[in-house]
1. Working carefully through the options A:R472, A:R454, find the one that is farther than 23 Å from A:S289 by Cα, of a type outside the set (F, W, Y), part of a helix (DSSP H, G or I) and touching a residue at least 12 places away in the same chain (Cβ under 8 Å).
2. Which is aliphatic (A, V, I, L, M), within 14 Å of another protein chain (Cβ to nearest Cβ) and in contact with a Leu (Cβ under 9 Å, 6 or more places away or on another chain), of A:A51, A:A83, A:A25, A:A31?
3. When residues of the stretch B:135-183 are filtered for being buried (at least 16 other Cβ atoms within 10 Å of the Cβ), small (G, A, S) and away from chain A (no Cβ under 14 Å), how many remain?
4. What helices (runs of 4 or more DSSP H) completely inside the stretch A:262-379 contain at least 2 residues that are more than 30 Å from A:D197 (Cβ to Cβ) and free of Cβ contacts under 8 Å to residues at least 24 places away in the same chain?
5. Can you pull out every residue in the stretch B:284-304 that is outside any strand (DSSP E or B) and either within 12 Å of chain A (Cβ to nearest Cβ) or out of contact with any helix residue (DSSP H, G or I) (no Cβ under 9 Å at 6 or more places or on another chain) (or both)?
6. Given the residues A:P68, A:P92, A:P77, which is the only one that is out of contact with any Leu (no Cβ under 9 Å at 6 or more places or on another chain), surrounded by fewer than 19 Cβ atoms within 10 Å (Cβ to Cβ) and modelled with pLDDT under 90?
7. With the structure loaded, tell me whether A:G419 is surrounded by 14 or more Cβ atoms within 10 Å (Cβ to Cβ), of a type in the set (G, A, S), more than 25 Å from A:R233 (Cβ to Cβ) and touching a residue at least 60 places away in the same chain (Cβ under 8 Å) or whether it fails that test.
8. Just a yes or no: is a residue in the stretch B:233-244 in the same structural domain as B:S184 (by TED's automatic domain parsing), over 19 Å from B:A152 (Cα atoms), without any contact (Cβ under 8 Å) to a residue 40 or more places away in the chain and not in a loop (DSSP other than H, G, I, E, B)?
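The values are calculated or read from the model by the stated rules, or taken from the named source; none is laboratory data. Since the model is a prediction, treat every value here as computed from it, not as a measurement. Every residue, glycine as well, gets a Cβ built from its backbone with ideal geometry; the counts of neighbours run over all protein chains shown.
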Amino acid sequence: MKRFAALFARIDQSTRTTVKVDALADFFREAPEQDRMWTIALFSGRRPKRAVNTTRLREWAAERSGCPLWLFEEAYPVVGDLAETIALILPPARNQSDETLSYWVGYLRAMADRPEAERKQQVLAAWDRLDATERFLFNKLITGGFRIGVSQKLMTRALARATGRPEPELAHRLMGNWTPDTATWHSLIEAEDAGADASRPYPFYLAYQLEAPPETLGPPEAWRAEWKWDGIRAQLVLRAGEHFVWSRGEELMTDRFPELACARDFLPEGTVLDGELVAWDGAAPLSFSALQKRIGRKTVPRKLLAEAPVVLLAYDLLEDAGADLRARPFAERRSRLAELLAPVPDDAPVRLPAQLAVRDWSDLAARRADARAARAEGVMLKRADSPYLSGRKKGDWWKWKLDPLTIDAVMIYAQAGHGRRANLFTDFTFAVRDGADLVPFTKAYSGLTDAEFREITAWVRQNTIERFGPVRRVTPHHVFEIAFEGIQASARHKSGVALRFPRMARWRRDKPLREANTLDDLNAMLRIHG
Amino acid sequence: MGRQPVLSFTPRGIYCAAGDFYIDPWRPVDRALITHGHADHARAGHQRYLATPSAAPVLRHRLGDIALETAAFGQTIRIGDAQISFHPAGHVPGSAQIRVEVAGEVWVASGDYKTQDDGLSEAFAPVPCHTFITESTFGLPVFRWAPQADVAAQINGWWRQCRAEGKTAILGAYSLGKAQRLLSMLEPDIGPILTHGAVEGTNRVLRAQGFTLPDTVPVTPDTRAADHPGAMVIAPPSALGSAWARRFGTVSTGFASGWMQLRGVRRRRAADRGFVISDHADWDGLLSAIAATGAERVFVTHGYTEIFARWLAHIGLDAAVVPTEFHGENLDSEALE
């Protein structure tokens, strides 16, 4: 763990990408193979099975440090990270250890099936052999979400630096179903037959939001347009007699969407489609909240399958007859996709959404204004001659979303954030007025500048009326403009509505409390846009 | 009717009725006893001031021409029906705890303090009392300070590395106390030490009092990085990343504070290096200081007050929170020290 801890320290000490890439590249050149493999795994979201739940971890850490649990729980939101809180609160270790990262991964995996008393002894023994940084990393291995300032993209760049292989190739190699148990450094990084894993998707190409007017994109003839759907981005991979459904977060979702299995009846082997999964009413997408019911389910009850059937709106073809098409122009890929889907029946779970005519930009702007009626959230613009790149790249693909809906709301609860936002109040609950009452209807976390967060934090500290654990009820005073993408009726929320992507658009210092919007205003928005 | 408490907490500050004086008041009063020169403890506008001789020059430097008397550490003075004396708090040079005795009952107002001896400030000395008034800036068990020598080794190591890479090291630290403590920890043979005007102003005052600090070069509008290769620059935190700092070319920035213990704060601060060092007591320091007074009653004035008071009650003390306008080591505003 010492080498991995040193890597972490180098990464953590810098905010500069070049320093982080250098540190990781050095590690990939020097570390033992198993440590390299686990490092790639951790930074691409593949973590060992959770050996201990966080409730037990907190209890054991509190007990070991001689703190009552309440004191631990008070310290946690100040630190803003569970693994770090534990690392800091424990007394100094009495021993030390020269074991590797993969040793500790193995240690955790071996204990996963042991009785709880044994797991406790193992965890306490580990804490007593690791210094503060090593402990933090050990705890991170348990709690997961290995977010320590290294994105998968940055890690891939470092890997490219260390191996001399092109970054897009490595990005593709790291996709899919592998684990450090099933793959070796050679099979993952070096072997010529990179397609050994039949399920492997391609790295997704992501669009930027178009901020400038579309006229800045040049002549409209060079562009293709389609609705921007509000669903789940997915790749459907058909290979080796099987089908695989991948999310953008590289999660395998095949079993969650069983209706896609019959795509194998219509489409040939060696086909990879990129598109949007949406719940479908037979003619148009249902709201995102209908799809949301499906997202959390690993197995789907028949009733839900009937209520919210899912289709893939396929808008790109990445592989055809086993050949990688990504370097071909979009217009060509799209034509081939249309040919491929032409014979597919109307009730099939894979559909080809229509393209929007791009005669001139003002005409398209008028179509975009109707996006909500088409149950879309805006328009996608793709350059006709664009290849399918990997990751978020500017220039060829743009999402041109509708302006959000907005409502002026009153802040009533505040809670401190996590990680970089620890010790700052950044998570707020907002209410609308209802006569003399305030009805909470949404939370929002983002949209303010660091300076504004600091200012509101100082205000919250001085205007707390009541504390419920980490949550503070504050004097209703400040009005914020809340922007959101959609509104739905919801029985789960007291206000009766659920918002899509709420965030703080502006701090309305000019507005007194009495000018905040009302529950009636919110219900009127629900009638129009719900 | 019960006896008047030795000290009471009023909207103007901590008040002694028997002696008709205030300790570190935040509104103008007739007579103010001052623990130390930081802005949230030593404010302008009082008629008369009383402080230690070693705190006096900094008070005059910051507050100008004030009516200031001094009392040496340990010297007992009678004010009305109260006996008062100043005792080292170890927070910054000249900082004191104030002991107040009325009719045999002893209270101690500790201001800000640290139990670790920094080699520059007069070292903290526990004062037995019935009632102790404490801060709790770092009153959580996640705050534990490493020995000063370890932090000195980290800072000097960073400086050497900067020098080797042709960078100027800029270390942000509050201009009274922390800056001089850091100066005293540097190894001057590594390179020249440059100081921001706010830091150098305090340096001059403390040197004149006899505190030993390494040689420093004040930064002026004409200062150029090329003339001072391998330099370490000590500046207030607000100067890091400002136009002022641009003159140093390629730099590596560091920030020295107890808050650097927390990774989230370190990342938010976005300095290249964060050094965990504070002029306030850590969790163990606070608890050992309180235990050493033998006090049965404790008032907690600033910091993680509710949590810390709850812990004190948990270990059997009569503890309560009192609201004040002290700030301790400020996390998000840098104007205060």
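1. Working: A:R472 fails: part of a helix (DSSP H, G or I).
Exactly one of A:R472, A:R454 is farther than 23 Å from A:S289 by Cα, of a type outside the set (F, W, Y), part of a helix (DSSP H, G or I) and touching a residue at least 12 places away in the same chain (Cβ under 8 Å), namely A:R454.
2. Working: A:A51 fails: within 14 Å of another protein chain (Cβ to nearest Cβ); A:A25 fails: within 14 Å of another protein chain (Cβ to nearest Cβ); A:A31 fails: within 14 Å of another protein chain (Cβ to nearest Cβ).
On inspection, the qualifying residue turns out to be A:A83.
3. Final tally of qualifying residues: 6.
4. Details: elements: A:263-266, A:288-295, A:302-307, A:330-341, A:361-369.
So the answer is A:288-295, A:302-307, A:361-369.
5. First pass over the stretch B:284-304, keeping only residues outside any strand (DSSP E or B): B:284-296, B:304.
Listed by number, the residues that qualify are B:D284, B:G285, B:L287, B:S288, B:A289, B:A291, B:A292, B:T293, B:G294, B:A295, B:E296, B:Y304.
6. Numbers: A:P68 fails: modelled with pLDDT under 90; A:P92 fails: modelled with pLDDT under 90.
Answer to the selection: A:P77.
7. Working: surrounded by 14 or more Cβ atoms within 10 Å (Cβ to Cβ): yes; of a type in the set (G, A, S): yes; more than 25 Å from A:R233 (Cβ to Cβ): yes; touching a residue at least 60 places away in the same chain (Cβ under 8 Å): yes.
Yes: the conditions hold for A:G419.
8. Yes.
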